[in-house]
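The values are calculated or read from the model by the stated rules, or taken from the named source; none is laboratory data. This one's a predicted model, so the numbers in the text were calculated from it and none came from an experiment. Note that we place each Cβ from the backbone using ideal geometry, even for glycine, and neighbour counts take in every protein chain shown.
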Amino acid sequence: MAKIDETVKKETGYIAVWMIVFSALMQAVFLVVRHWDYTVLLGNILSGVLGVANFLLLGLAVQSAVGKEEKEAKETMRASQSVRTLLLFVVVAVGVLLDCFNTVAVIVPLFFPRLAIAFRPIVKGGEK
């Protein structure tokens with residue numbers, strides 16, 4: 001296996017930190033509305049790990065595609081997207097079907113990486 005590029009590590013770490021922040025906020029909301037139980041925590045952990053792993057796999061696919069011919073790079077990215085989508089679908093289906101995971105807590109954290117990416121320009125601020 002090839003060495004993981006520093007940029008992939010850095011960006012995955014960024015996503016992981018935001019995943020923790022948003023997950024804590026979601027847990028707090030469940031507490032405030034008095035619907036928190038252990039299934040919320042388990043669902044959040046399942047989707048949190050899945051979201052970070054999905055982003056890492058995306059980064060590794062991009063790292064692998066860089067330097068390849070355009071057609072081969074597209075095929076690499078398409079295959080990666082298919083595998084990652086299938087993985088997301090299977091894990092979310094398991095999380096929704098099993099009673100030990102709260103359905104909302106399984107689905108909502110899957111959007112946290114997108115929120116983290118949306119906040120990236122704000123967090124970077126004056127960096128160039």
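It is to be established whether one or more residues within region 72-94 are without any contact (Cβ under 8 Å) to a residue 60 or more places away in the chain and on the phi > 0 side of the Ramachandran plot. No.
Looking across region 18-38, just one residue is free of Cβ contacts under 8 Å to residues at least 12 places away in the same chain and closer than 17 Å to R120 by Cβ, and that is V21. Test V91 against the criterion of being part of a helix (DSSP H, G or I), modelled with pLDDT of 95 or more and surrounded by 14 or more Cβ atoms within 10 Å (Cβ to Cβ), and give yes or no. The answer is no for V91. Are any of the residues in region 104-115 farther than 19 Å from V8 by Cβ, at pLDDT 95 or above, in a helix (DSSP H, G or I) and not aliphatic (A, V, I, L, M)? Within region 104-115, one or more residues are farther than 19 Å from V8 by Cβ, at pLDDT 95 or above, in a helix (DSSP H, G or I) and not aliphatic (A, V, I, L, M). Across region 1-49, the number of residues qualifying as assigned to a loop (DSSP other than H, G, I, E, B) and not charged (D, E, K, R) comes to 6.
Out of all the residues in region 62-72, is one or more surrounded by 13 or more Cβ atoms within 10 Å (Cβ to Cβ) and either under 17 Å from the mean Cα position of the chain (by Cα) or closer than 18 Å to A116 by Cβ (or both)? The answer is yes; a qualifying residue exists. Using the structure shown, decide if L56 is in a helix (DSSP H, G or I) and either free of Cβ contacts under 8 Å to residues at least 60 places away in the same chain or of a type in the set (K, R) (or both). Considered against the rule, which asks whether it is in a helix (DSSP H, G or I) and either free of Cβ contacts under 8 Å to residues at least 60 places away in the same chain or of a type in the set (K, R) (or both), L56 comes out as yes.
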